[in-house]
Amino acid sequence: MTRKEKEYDDIPGTFVFDADRSRQGYWLNQFCISLSKEEGRQAFRDDPEAHMAKYKMTEEQKQAIRDRDWNRLLELGGNIYYTSKLGAFDGIVFQDLAAMMSGMSREDYRKMMVDGGRSPEGNRYKSEWEKK
Amino acid sequence: MTRKEKEYDDIPGTFVFDADRSRQGYWLNQFCISLSKEEGRQAFRDDPEAHMAKYKMTEEQKQAIRDRDWNRLLELGGNIYYTSKLGAFDGIVFQDLAAMMSGMSREDYRKMMVDGGRSPEGNRYKSEWEKK
Amino acid sequence: MAKITAGIACSHVPAIGVAMDQHITDQPYWQPVFEGFEYSREWNKKNKPDVVFLVYNDHCTAFDASVIPTFALGCAAEFTPADEGWGPRPVPVVKNHQEFASHIAQSLVLDEFDITIMNEMDVDHGLTVPLSVMFGDKTPEDDWGTLVIPLAVNVVQYPAPTANRCYALGQAIRRAVDSWDEDINVHIYGTGGMSHQLQAERAGLINATWDQQFMDILVNEPEKARKISHVEFLRETGSEGIEMVMWLVMRGALDEKVTEVHRHYHVPASNTAVGHLILENHA
Amino acid sequence: MAKITAGIACSHVPAIGVAMDQHITDQPYWQPVFEGFEYSREWNKKNKPDVVFLVYNDHCTAFDASVIPTFALGCAAEFTPADEGWGPRPVPVVKNHQEFASHIAQSLVLDEFDITIMNEMDVDHGLTVPLSVMFGDKTPEDDWGTLVIPLAVNVVQYPAPTANRCYALGQAIRRAVDSWDEDINVHIYGTGGMSHQLQAERAGLINATWDQQFMDILVNEPEKARKISHVEFLRETGSEGIEMVMWLVMRGALDEKVTEVHRHYHVPASNTAVGHLILENHA
Ligand SMILES: [Fe+3]
Ligand SMILES: [Fe+3]
């Protein structure tokens, strides 16, 4: 089966967490949620590789965790509510995580939000991004 | 709130496992299901009282377990699929459990089933049982 | 295009599994039960499915009382036979068609069925016994010979989904299968029943007349069957007869007109009336 | 008879909870957010509910990826605030009206909604932040001042239930409440939203124009609001804006005509547009 085109495929800069992504990221997400309990956090602190090895992740997924490559984690099936537990583990608040993923400095991102957020204008379709 | 009358209240010799019974029997049923894993069975074998104490059951429920009073267990919110795990723990197969609950000998019950089972005639309404 | 070519109704009495696992199906007690499955196994070889969509209920095995989904669709890669208190049945692990299952899950939610997605789940006799009936003896080292998408229905805590809702779910499953772009042969199983009561003083209730009528209207007048009320199931067929709502999911996934190629009915297997139908779909 | 006298829509941004827990609501960043809640807290004291039916979503806290119910109704005696990676919020345990919750569960299944019953469940900021908004500062030793029946909706894995299905569920909740024979005052909360995207390169998207229009049609033309498609939510309001389907459950439980007594809209709280409505029902 080739992957079917989906009506949300043309939204730019967005991973819609559908069944295909959910399947791909299952163990990555289960790893992340283990960090919402203190015992999981302690295990990951004590021996990151050993704790990761408990979950059937691909080597790519493990590397993205080691790299804290937040967008890559999403690309490999991670969901933001899960990957943000890894952020919390590092002491990163949600807003700073959002800044990192959108490639902005913490200050610029914060200013954008205070000024009303990222406009929908020019951000609805991939085609609009390609023109830039 | 007084308990509302239910349209299945007039069926004789039957506990319909509805939300009210489910609430009443919650910990009793969770206790029973612990016996579907070998570690739960071992704990119950080693120290019945200590294993029961792990679940927030009423004293009545615990007594019905000690007595293996199968109908009483149902009356106190047990569900047959759960209580049958206690039966299995004792090595009692489902059919013999059914015989006990209906107050018949193993042989009589088995014969009744081979002869076509308990007839619906006279067994649809409580009023039919009261006449007997 | 994926196609549902047949619907199979089948009781899932645990003792049927036990009889097979202990190789006592030739005993006089069991012989008449298994005789009725001989045709089915031959038919199944000739009409081999690629995927079985298997509607069953869990008997407080994979699900305990903490979480009770009305409809739980198995989307995991595989499902392990569960320990039901006697150790797991010695049968193969059940393998899913994961992409297809996910497609069906998505389609059902968009079609306004409020299913629960299960990404981890053990499966009990409710699922493995009907497979044993249709595919015969298998050891844990074997393969079932088909992929399986399990759908577990709550029939343990009242209220189960209504007969009408189950039928409508079957129709939605049909739409989901019809929109899957792979040439595969799909069978749908509705399992459980027929009349039985496992609990309390009325245990052992069997209503053969009702059961036979139910099979007649299920096959030929499904619009009548979908109107059967919960209290009728409970009163007429015993407290566990309510499992028959799962036969309606199967029936809803088939055409209005189907061909009944096989029927088997026998009392008893343990506490239960065994019922079994094979319905060919001509879509 | 139980009566739904009001519907409340409210974002459930975790940072709002953090701001309250850290007592920094007077800071210039937070002041305009909390100013809009002052009226609400006064109104809430005057119109004190006995029971809040609280529609929210879990953010992969109580539910992990193994089980994903579309609609999960909390039937446990109480619900403990969850550890979301930073330790649990210092707020009271949430207490249920268990008999009423069970009645609603039964009524919804018979009304052909395929809910999942939760007899054990922790609750995250999705549930506790709207309570903090309406009931003000509370410590773990306090009481919330209301009983709460939680309904968790899957909006994490695509597809969430449709806007239309959510609206219909609200209507069914209304029928369930109306058939409960106890004189209690019920408020229904629809939480989450408004526009926000937490992930990837488009993070930070806010669509104030769309949000305000949504509030207008939700209040005055709900039949239009229930037709909004998933892809419109995703494209126009960000990938997490889809949470607004939960506002439709609330709206469906109210009369066709309602009185909007309060509206508050502010950008931003952390990554999110904060929206809030109080709608009085006149049934
Ligand atoms: Fe069964
Ligand atoms: Fe949220």
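Looking at region D:103-127, which of its residues are buried (at least 22 other Cβ atoms within 10 Å of the Cβ) and closer than 17 Å to D:Val186 by Cβ? Across region D:103-127, the qualifying residues are D:His103, D:Ile104, D:Ala105, D:Leu108, D:Leu127.
Residues of region B:1-50 that are small (Gly, Ala, Ser) and either under 20 Å from C:Gln157 (Cβ atoms) or at the interface with another protein chain (Cβ under 9 Å from one of its Cβ atoms) (or both): B:Gly13, B:Ala19, B:Ser22, B:Gly25, B:Ser34, B:Ser36.
Consider region B:51-96 and keep the residues that are open to solvent by 60 Å² or more (accessible area, probe 1.4 Å) and aliphatic (A, V, I, L, M). The one that is nearest to the other protein chains (Cβ to nearest Cβ) is B:Val93.
Give region C:98-128 a look and list any residue that's in a strand (DSSP E or B) and more than 17 Å from the chain's Cα centre (by Cα), or say none. First the steps, then the outcome.
If we filter region C:98-128 for residues that are in a strand (DSSP E or B), which is where we start, we get C:116-118, C:122-123.
The answer is C:Thr116, C:Ile117, C:Met118.
The residue that is most open to solvent (accessible area, probe 1.4 Å), among those in region D:9-26 that are of a type outside the set (D, E, K, R), away from chain A (no Cβ under 13 Å) and more than 16 Å from ligand 2 (Cβ to nearest atom), is D:His23.
Inspect region C:243-262 for any residue being within 14 Å of chain B (Cβ to nearest Cβ), surrounded by 24 or more Cβ atoms within 10 Å (Cβ to Cβ) and within 16 Å of ligand 1 (Cβ to nearest atom) and give the result as yes or no. Break it down into steps so the answer makes sense when it comes.
First pass over region C:243-262, keeping only residues within 14 Å of chain B (Cβ to nearest Cβ): C:243.
Imposing the further condition that a residue be surrounded by 24 or more Cβ atoms within 10 Å (Cβ to Cβ) reduces the set to C:243.
Among the residues that remain, those that are also within 16 Å of ligand 1 (Cβ to nearest atom) are: C:243.
Looking through region C:243-262, at least one residue is within 14 Å of chain B (Cβ to nearest Cβ), surrounded by 24 or more Cβ atoms within 10 Å (Cβ to Cβ) and within 16 Å of ligand 1 (Cβ to nearest atom).
Do you know which residues across region D:178-202 are more than 16 Å from ligand 2 (Cβ to nearest atom) and either aliphatic (A, V, I, L, M) or away from chain A (no Cβ under 14 Å) (or both)? Within region D:178-202, D:Asp178, D:Ser179, D:Trp180, D:Asp181, D:Glu182, D:Asp183, D:Ile184, D:Asn185, D:Val186, D:His187, D:Ile188, D:Ala200 meet the criteria. Residue count for region B:79-92 under the criterion of being in contact with a His (Cβ under 6 Å, 6 or more places away or on another chain) and part of a loop (DSSP other than H, G, I, E, B): the result is 0. Between D:Ala203, D:Ala152, the distinction of being at pLDDT 95 or above, more than 20 Å from D:Glu280 (Cα to Cα), part of a strand (DSSP E or B) and small (Gly, Ala, Ser) belongs to D:Ala152 only.
Quick check: is even one residue across region B:97-110 away from every other protein chain (no Cβ under 11 Å) and assigned to a helix (DSSP H, G or I)? Break it down stepwise before answering.
So in region B:97-110, the residues away from every other protein chain (no Cβ under 11 Å) come out as B:105-107.
Narrowing further to those that are assigned to a helix (DSSP H, G or I): B:106-107.
So far as region B:97-110 goes, yes, one or more of its residues are away from every other protein chain (no Cβ under 11 Å) and assigned to a helix (DSSP H, G or I).
For the residues D:Leu127, D:Leu54, D:Leu110, D:Leu73, the requirement of being closer than 30 Å to C:Leu151 by Cβ and without any contact (Cβ under 8 Å) to a residue 24 or more places away in the chain singles out D:Leu110. State all residues of region A:20-78 that are of a type in the set (S, T, N, Q), more than 18 Å from A:Gly91 (Cβ to Cβ) and not in a helix (DSSP H, G or I); if no residue qualifies, say none. If the condition is that a residue be of a type in the set (S, T, N, Q), more than 18 Å from A:Gly91 (Cβ to Cβ) and not in a helix (DSSP H, G or I), then A:Thr58 is the only one that fits.
Residues being within 14 Å of another protein chain (Cβ to nearest Cβ) and open to solvent by 40 Å² or more (accessible area, probe 1.4 Å): count how many of those fall in region C:33-61.
1
Residue-level check: of (1) under 18 Å from the mean Cα position of the chain (by Cα); (2) under 30 Å from C:Tyr39 (Cβ atoms), C:Ala160 misses just (2).
The set of residues from region C:120-140 being aliphatic (A, V, I, L, M), away from ligand 1 (no atom under 14 Å from the Cβ) and within 14 Å of another protein chain (Cβ to nearest Cβ) comprises just one member, C:Met121.
Is it fair to say C:Ala208 is open to solvent by 20 Å² or more (accessible area, probe 1.4 Å), touching a residue at least 40 places away in the same chain (Cβ under 8 Å) and aliphatic (A, V, I, L, M)?
Working: open to solvent by 20 Å² or more (accessible area, probe 1.4 Å): yes; touching a residue at least 40 places away in the same chain (Cβ under 8 Å): yes; aliphatic (A, V, I, L, M): yes.
Considered against the rule, which asks whether it is open to solvent by 20 Å² or more (accessible area, probe 1.4 Å), touching a residue at least 40 places away in the same chain (Cβ under 8 Å) and aliphatic (A, V, I, L, M), C:Ala208 comes out as yes.
When D:His12 is tested against the conditions (1) over 27 Å from D:Glu256 (Cα atoms); (2) part of a loop (DSSP other than H, G, I, E, B); (3) modelled with pLDDT of 95 or more, the lone failure is (1).
Among the residues in region C:198-207, are any of a type in the set (Lys, Arg) and closer than 26 Å to C:Ser102 by Cβ? So far as region C:198-207 goes, no, none of its residues is of a type in the set (Lys, Arg) and closer than 26 Å to C:Ser102 by Cβ.
Residues that are within 14 Å of chain A (Cβ to nearest Cβ), more than 17 Å from the chain's Cα centre (by Cα), away from ligand 1 (no atom under 16 Å from the Cβ) and not β-branched (Val, Ile, Thr) occur at least once in region C:79-97. Scanning region D:221-237 for residues that are within 20 Å of the chain's Cα centre (by Cα) and open to solvent by less than 30 Å² (accessible area, probe 1.4 Å), which turns out nearest to the other protein chains (Cβ to nearest Cβ)? Going through the qualifying residues, I end up with D:Leu234. Inside region D:72-86, residues that are within 26 Å of A:Phe17 (Cα to Cα) and open to solvent by 30 Å² or more (accessible area, probe 1.4 Å) make up a count of 3.
Quick check on my filter: what residues within region C:155-172 are part of a helix (DSSP H, G or I) and more than 16 Å from ligand 1 (Cβ to nearest atom)? Scanning region C:155-172 gives C:Ala163, C:Asn164, C:Arg165, C:Tyr167, C:Ala168, C:Leu169, C:Gly170, C:Gln171, C:Ala172.
Of these, D:Leu169, D:Leu205, which one is within 13 Å of chain A (Cβ to nearest Cβ) and farther than 26 Å from D:Arg41 by Cα? Within the list D:Leu169, D:Leu205, the selection yields D:Leu205. Condition test on B:Glu38, is it touching a helix residue (DSSP H, G or I) at 6+ places or on another chain (Cβ under 8 Å) and loosely packed, with under 14 Cβ neighbours inside 10 Å? So B:Glu38 fails the test.
Go over the candidates D:Pro69, D:Pro130 one by one and state the one that is under 30 Å from C:Gln157 (Cα atoms), modelled with pLDDT of 95 or more and crowded, with 20+ Cβ neighbours inside 10 Å. That would be D:Pro69, the only listed residue that is under 30 Å from C:Gln157 (Cα atoms), modelled with pLDDT of 95 or more and crowded, with 20+ Cβ neighbours inside 10 Å. Taking (1) crowded, with 16+ Cβ neighbours inside 10 Å; (2) under 29 Å from C:Pro49 (Cβ atoms); (3) among the acidic types (Asp, Glu) in turn, C:Asp183 satisfies each apart from (1). Of the residues that make up region D:204-222, is at least one small (Gly, Ala, Ser) and in contact with a Ser or Thr (Cβ under 8 Å, 6 or more places away or on another chain)? There is at least one residue in region D:204-222 that is small (Gly, Ala, Ser) and in contact with a Ser or Thr (Cβ under 8 Å, 6 or more places away or on another chain).
A:Asp115: open to solvent by 50 Å² or more (accessible area, probe 1.4 Å), within 14 Å of the chain's Cα centre (by Cα) and charged (D, E, K, R), yes or no? Against the criterion (open to solvent by 50 Å² or more (accessible area, probe 1.4 Å), within 14 Å of the chain's Cα centre (by Cα) and charged (D, E, K, R)), A:Asp115 does not qualify.
The values are calculated or read from the model by the stated rules, or taken from the named source; none is laboratory data. Everything numeric here is computed off the predicted structure, so don't read it as measured data. Cβ: placed from backbone, ideal geometry, glycine included. Neighbour counts: every protein chain shown. SASA here: full protein model, heavy atoms, side chains in, ligands and nucleic acids out. Shrake-Rupley method; radii C 1.70, N 1.55, O 1.52, S 1.80 Å.
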